[in-house]
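*Asks:* Quick one: the structure is below, questions incoming.
The values are calculated or read from the model by the stated rules, or taken from the named source; none is laboratory data. Since the structure is predicted, the reported quantities are computational estimates derived from the model, not experimental observations. No Cβ is skipped: glycine too gets one built from the backbone with ideal geometry, and neighbour counts run over all protein chains shown. Surface areas here come from the heavy atoms of the whole protein model, side chains and all, with no ligands, DNA or RNA. Shrake-Rupley method; radii C 1.70, N 1.55, O 1.52, S 1.80 Å.
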Amino acid sequence: MFSWLDGHEEKKKHVEVYETVFEGLKKIYKQKVLPLEEAYQFHDFHSPKLDDPDFDAKPIIMLVGQYSTGKTTFIRYLLERDFPGIRIGPEPTTDGFIAVMHGDHDGIIPGNALVVDPKKPFRPLSKFGNAFLNRLQCSTVNSTVLRSLTIIDTPGILSGEKQRVDRGYDFAGVLEWFAERVDRIILLFDAHKLDISDEFRRSIGALKGHDDKIRIVLNKADMVDHQQLMRVYGALMWSLGKVIATPEVSRVYIGSFWDQPLRYDSNRKLFEAEAQDLFLDLQSLPRNAALRKLNDLIKRARLAKVHAYIIAALKKEMPSMFGKDSKKKELIKNLSAIYESVQREHQISPGDFPDIARMQERLLHEDFSKFQPLKPRLIQNVDKMLAEDIARLMAMVPLEEKQNMVPKEDGKPNSGHTVSGGAFDGVRSADTPFGFNKCEGADAGAGEAEWVVNRDRPKYDPIFFSMNPVDNKVTGAAAKAEMVKSKLPNTVLGKVWKLADHDKDGMLDVEEFALAMHLINIKLDGHDLPAELPAHLVPPSQRGF
């Protein structure tokens, strides 16, 4: 009679409580997604099953590019030191995959030993065989940068006759495996090597479906002058447009990521700004690791559902006794019709379906009689996970981020949730005058005894006194008439006014007016205005106000 009440109590009883986002991801994958994957042989078609190290691993950056584009040099630039097994040269030097990871001691772990280590996320790579494992190694380095990141150096992609030589393993398959698991894929191009070879084209094709992870770097940009650089950038965008088929224009970071003197100093500001943008993007990876893994698990669960529908549809079409081989060939040939049928029946977007040519290739080697019919309960479990469990984990992400950014006793953020050390310490270094935007813009004059605005007072004071100040102050209307001559938008001038009117009396004295003109010139020179007035820009008569 009250069975509905028992069912409600049972449902309440099964609401999971997760301590962390990563723990929740592990549980819902093993309980909800993995049974569906195993039932329909998902791992044979798409991707090996996920283990705990896949969820616990630090954010991973993978560098991809043709030989001699500066991939290994880029890693040394980030770490500001060499790592075991490093080889740099103009010829193809890195002939294997090198995982650069943190370790208490510098050393090298060979590929065969690496893939049996249960604490590292590389165990599924064993499926690519000894030919690949002999080209795989892990370099452990005691570097602060690697406490928060792992970096994958890949073989230089070949061009010309060299690309016709078989590597002995599925190079594109390995790239695809890494692309699914890494957090950032950095495509490096050399300013003198913009052609995209056939192997490079296939490699970029292996990264398809992970466009949100790709960042493009035009390296060695200091090898050409400003005018040539403009042409090189245009040629690169043209080449990318033919390979990366997206409606958006790809974001390209321009610079020379090494520690050599600049050949063309006119590009210094451009390279500093581009390096700043790229480094801030990489520094955000540890903070966004939970969201990225959530996103990847959602994509995987949706693909597993579609795969289950396809396999069940193929099973349904197979005869029970005779003519299995001919029917199998017919179904593989007409797989597009199966796709359309599944799409209509289950209201699935075409973008969720796997590549049809690849699916046909995999189906050739499968025994259709072993396929399972549709099991609605497994599908329902995944739907419930996407509707309920993922939403609860999403709500936990901001709370965890806030906790992780709480400083420790030494005043620094919790390690593992921000990238520090190596080149990252110079991104916004406040300890030297060579940090980004130090001694420039609003920071100019910091630490000096004289007020920096005084340098241009001979220009500003005559303007101030020409406005007939009363009690050494001008009204907002009078100041506005002069400030709008800068042609800056009213929103910017409003911010200038708030910063310059330090005593908040709605008027400007001679020092505050000079400060307003100084801030306007900062903006006109291309610098950002500060959110609050720095101490060194406060008018001398109001210090301590």
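*Asks:* Kindly list the number of the only condition in (1) open to solvent by 40 Å² or more (accessible area, probe 1.4 Å); (2) of a type outside the set (Asp, Glu); (3) at pLDDT 90 or above that fails for Tyr67.
*Replies:* The failed condition is (3).
*Asks:* Cβ-Cβ distance below 7 Å, separation of 6 or more or different chains: which pairs start in region 101-116 with a residue that is open to solvent by 30 Å² or more (accessible area, probe 1.4 Å) and end on one that is among the small types (Gly, Ala, Ser)?
*Replies:* His102/Ser143; Ile108/Gly85; Ile108/Ser139
*Asks:* Residues that are under 28 Å from Ile298 (Cβ atoms) and acidic (Asp, Glu): list the helices (runs of 4 or more DSSP H) wholly contained in region 38-149 that include at least 2 such residues. I'd like the intermediate steps shown before the answer.
*Replies:* Numbers: elements: 42-45, 52-56, 71-79, 111-114, 130-133.
Result: 52-56.
*Asks:* Any chance you could count how many residues in region 143-181 are open to solvent by 50 Å² or more (accessible area, probe 1.4 Å), more than 17 Å from the chain's Cα centre (by Cα) and either closer than 30 Å to Ser420 by Cβ or modelled with pLDDT of 85 or more (or both)?
*Replies:* 3
*Asks:* Something else now. Could we say that Lys119 is touching a residue at least 60 places away in the same chain (Cβ under 8 Å), under 19 Å from the mean Cα position of the chain (by Cα) and open to solvent by 10 Å² or more (accessible area, probe 1.4 Å) here?
*Replies:* Details: touching a residue at least 60 places away in the same chain (Cβ under 8 Å): yes; under 19 Å from the mean Cα position of the chain (by Cα): no; open to solvent by 10 Å² or more (accessible area, probe 1.4 Å): yes.
For Lys119, the condition - touching a residue at least 60 places away in the same chain (Cβ under 8 Å), under 19 Å from the mean Cα position of the chain (by Cα) and open to solvent by 10 Å² or more (accessible area, probe 1.4 Å) - is not met.
*Asks:* Would you pick out the residues in region 266-281 that are in contact with a helix residue (DSSP H, G or I) (Cβ under 8 Å, 6 or more places away or on another chain) and touching a residue at least 60 places away in the same chain (Cβ under 8 Å)?
*Replies:* Phe279
*Asks:* Here is a follow-up. Would it be correct to say that Ser250 is surrounded by 14 or more Cβ atoms within 10 Å (Cβ to Cβ) and either polar (S, T, N, Q) or part of a strand (DSSP E or B) (or both)?
*Replies:* Yes: the conditions hold for Ser250.
*Asks:* Still on this structure: Can you tell me how many residues in region 200-227 are closer than 15 Å to Gln66 by Cβ and outside any helix (DSSP H, G or I)?
*Replies:* Counting residues in region 200-227 that are closer than 15 Å to Gln66 by Cβ and outside any helix (DSSP H, G or I) gives 6.
*Asks:* Of all residues in region 279-312 being farther than 23 Å from Gly209 by Cβ and under 14 Å from the mean Cα position of the chain (by Cα), which is surrounded by the most Cβ atoms within 10 Å (Cβ to Cβ)?
*Replies:* The qualifying residue surrounded by the most Cβ atoms within 10 Å (Cβ to Cβ) is Pro286.
*Asks:* So in region 313-340, with the set limited to residues that are assigned to a loop (DSSP other than H, G, I, E, B) and among the small types (Gly, Ala, Ser), which one is most open to solvent (accessible area, probe 1.4 Å)?
*Replies:* Ser320
*Asks:* I've got another one for you. Looking at Leu188, Leu236, which is the one that is part of a helix (DSSP H, G or I), aliphatic (A, V, I, L, M), open to solvent by less than 40 Å² (accessible area, probe 1.4 Å) and over 19 Å from Asp355 (Cβ atoms)?
*Replies:* Checking each option against the conditions leaves just Leu236.
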